[in-house]
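Presented below is the structure to which this report refers.
The values are calculated or read from the model by the stated rules, or taken from the named source; none is laboratory data. Here the structure is a predicted model, which is why all the values come from computation and not from measurement. When the accessible area is computed, the model is the full protein with side chains, heavy atoms only, and any ligands, DNA or RNA have been set aside. Shrake-Rupley method; radii C 1.70, N 1.55, O 1.52, S 1.80 Å.
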Amino acid sequence: MSEEASDAGRFLDLVAAAQDRDAGLTSIQAGLLVAAELEVASDSRSFARALGIAHALVLRELNALAERDDTLEIVKRDPRTMRAFYRLAKS
């Protein structure tokens, strides 16, 4: 198995574990949390590109997650590109 496939498998395992801990998370929301935790993506556009999904869908899920609880916060928005930068909320 290639390293890239192994990394993808690990990421998906962490997403599944996040959803097991919180059944209210969508798979994209869980992915956003894992990406922030692993520091593999800190903005909506990079996350969307990495997973090959529409940026608008990521923005919708990111906004819903940021409003839902205090685990993730949006720290900056780029009005020109609609990109939202996020991080795990400080405890």
| request: Please verify whether region 33-53 includes one or more residues that are of a type in the set (Phe, Trp, Tyr) and open to solvent by 30 Å² or more (accessible area, probe 1.4 Å). | output: no
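Okay, residues lined up against (1) open to solvent by less than 60 Å² (accessible area, probe 1.4 Å); (2) assigned to a helix (DSSP H, G or I):
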position	(1), (2)
Val58	yes, yes
Leu62	yes, yes
Asp70	no, no
Ile74	yes, no
| In region 40-56, is there at least one residue being outside any helix (DSSP H, G or I), at pLDDT below 95 and β-branched (Val, Ile, Thr)? | yes
| message | Going residue by residue through region 9-32, is there one that turns out to be assigned to a strand (DSSP E or B), of a type in the set (Gly, Ala, Ser), modelled with pLDDT of 95 or more and open to solvent by less than 60 Å² (accessible area, probe 1.4 Å)? | response | no
| query | Given the structure, is Thr71 hydroxyl-bearing (Ser, Thr, Tyr), modelled with pLDDT of 95 or more and over 10 Å from the mean Cα position of the chain (by Cα)? | reply | no
